[in-house]
Amino acid sequence: MAFNLFKTIQSGGTLGLDIGTSSIKIVELEKKGGRFHLTNYAIFELRNNEPSISQSSNWQSILKMPDEEIADGIKQLIKKAEIGSTDIISAIPSFSTFATVIEMPYVSNEDLARSIQFEAKKYVPIPLEEVILDWSIVGVVDGQVSKGGSPSTVEVFLAAVPKDETVRYQNIMKNSGLKLKALELENSALIRALLGNDLSPTVIVNIGGRSTSIIIVNRGYERVSHNYEIGGFEITKAIAQSLNVSLEKAEELKRKFGLKKTEENIINESMISLIDMMVFETKRTILNYEELKKEKIANVILIGGLTNMPGLGDYFKEKMGRSVVIGNPFSRIVYPNELQPIIPELSSMLAGAIGLAMREV
């Protein structure tokens, strides 16, 4: 395991906590003069007990640990970073939640609230009694306005979170000595951190350790989310198998060489098929959406630990044939100058936690 810490003298802002498969990230932000200022961050990375290549299916995940151990890891982070705040906002991973935008006839908020319960059964893949359901009106369908001036058809953002997951996170925060002020969707935090007030149709490709999420965002809300089980670890594993080296050495080579084209480098050959699968899934998701909605996607944003791999952004851009950029949540916050050299690395790891700390409670 490893700790990565930073702290300033100030403390007392809002904490964003992102519990991932291989790391726990905490960010503390204070809002001054209308802008967010970074006052603290702390990262706990799980690096011990790595499996052999043949045992990689048993790769350890923080999310599969007992709640007591997760709470203990959070407490260690809080202590080592000397974080004084206790108000925290956390997120449930996208693969444990469901979200979509649906169109519904509008009469009044009360009628809409009653109708949502019935309409949600068509979309939520598990029984409604097992989830906490939330919704909000996010727009009016073009041209659908009644004679009285009220919308006759509205877009509703619908989200469902399993009740047992909600209770689990509440217990973890309580055992960590923290006050959980809000629990939201992982994708919502990423949208807030990476897009801000940008309402144009955008795709966020979030490449995690064990999986990748492709999120289509329009007018600030998630419209489509597609998850598949290929992430940074599978690429590390492919390099290890190809070169017959340890996973630790493969990770080092991935970070150093990546997709850079050199005469000596054969590393990219062992991972290129997996990267191409990511590109294919992203293109397919975009084309399906554009065909269905008759809207063009403006940008593709890459985020996640793999974005620090040399050459990934350029390769994605070449294969996609459209604008592709590496996400930078720090463009929307003020941070100390001494962090500038490591901002690209921190951006890939802390985007979710930054988006959570930005949430207005």
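Which residue is surrounded by the most Cβ atoms within 10 Å (Cβ to Cβ), if the candidates are limited to the stretch 65-85 and must be on the phi < 0 side of the Ramachandran plot and either outside the structural domain of Met173 (by TED's automatic domain parsing) or part of a loop (DSSP other than H, G, I, E, B) (or both)?
It comes out as Ile83.
Need the failing condition index for Lys261 against (1) surrounded by 12 or more Cβ atoms within 10 Å (Cβ to Cβ); (2) farther than 26 Å from Ala353 by Cα; (3) modelled with pLDDT under 90, just the number.
So the condition that Lys261 fails would be (1).
Among the residues that make up the stretch 221-238, is at least one of them among the aromatic types (Phe, Trp, Tyr), farther than 21 Å from Leu17 by Cβ and modelled with pLDDT under 85?
There is at least one residue in the stretch 221-238 that is among the aromatic types (Phe, Trp, Tyr), farther than 21 Å from Leu17 by Cβ and modelled with pLDDT under 85.
Could you say which residue among Leu339, Leu346 is within 20 Å of Ile89 (Cα to Cα) and assigned to a helix (DSSP H, G or I)?
Leu346
If you go through the stretch 336-352, how many residues are more than 21 Å from the chain's Cα centre (by Cα) and touching a residue at least 40 places away in the same chain (Cβ under 8 Å)?
Adding up the residues that qualify gives 2.
Provide a single number: the residues in the stretch 148-171 that are farther than 20 Å from Leu15 by Cα and crowded, with 19+ Cβ neighbours inside 10 Å.
Residues flagged as farther than 20 Å from Leu15 by Cα and crowded, with 19+ Cβ neighbours inside 10 Å within the stretch 148-171 amount to 7.
Among the residues of the stretch 292-324, which ones are under 17 Å from Ser348 (Cβ atoms) and out of contact with any strand residue (DSSP E or B) (no Cβ under 8 Å at 6 or more places or on another chain)?
Asn308, Met309, Pro310, Gly311, Asp314, Tyr315
Which one is modelled with the highest pLDDT among residues in the stretch 282-323 that are surrounded by 13 or more Cβ atoms within 10 Å (Cβ to Cβ) and either in contact with a His (Cβ under 7 Å, 6 or more places away or on another chain) or at positive phi (or both)?
So, considering only residues that are surrounded by 13 or more Cβ atoms within 10 Å (Cβ to Cβ) and either in contact with a His (Cβ under 7 Å, 6 or more places away or on another chain) or at positive phi (or both), the one modelled with the highest pLDDT is Thr285.
Select, from Val205, Val141, the only residue that is under 27 Å from Thr285 (Cα atoms) and crowded, with 20+ Cβ neighbours inside 10 Å.
Answer to the check: Val205.
Given the criterion out of contact with any Ser or Thr (no Cβ under 7 Å at 6 or more places or on another chain), among the aromatic types (Phe, Trp, Tyr), touching a residue at least 24 places away in the same chain (Cβ under 8 Å) and buried (at least 17 other Cβ atoms within 10 Å of the Cβ), identify the matching residue among Phe233, Phe330.
Phe233
Being touching a helix residue (DSSP H, G or I) at 6+ places or on another chain (Cβ under 8 Å) and surrounded by 14 or more Cβ atoms within 10 Å (Cβ to Cβ) is the filter here; which residues of the stretch 106-127 pass it?
Residues satisfying the conditions are Tyr106, Ala120.
Can you tell me which residues in the stretch 172-191 are within 25 Å of Arg322 (Cα to Cα) and surrounded by fewer than 23 Cβ atoms within 10 Å (Cβ to Cβ)?
Passing the criteria: only Ile191.
What is the residue count in the stretch 12-40 for residues that are hydroxyl-bearing (Ser, Thr, Tyr), under 17 Å from the mean Cα position of the chain (by Cα) and in a strand (DSSP E or B)?
Counting residues in the stretch 12-40 that are hydroxyl-bearing (Ser, Thr, Tyr), under 17 Å from the mean Cα position of the chain (by Cα) and in a strand (DSSP E or B) gives 1.
Where in the stretch 204-302 are there helices (runs of 4 or more DSSP H), lying wholly inside it, with at least 3 residues that are within 21 Å of Ala99 (Cβ to Cβ) and of a type in the set (Ser, Thr, Tyr)?
The qualifying helices (runs of 4 or more DSSP H) are 267-293.
The values are calculated or read from the model by the stated rules, or taken from the named source; none is laboratory data. In this text the structure is predicted, and so the values were computed from the model without any measurement. Cβ: placed from backbone, ideal geometry, glycine included. Neighbour counts: every protein chain shown.
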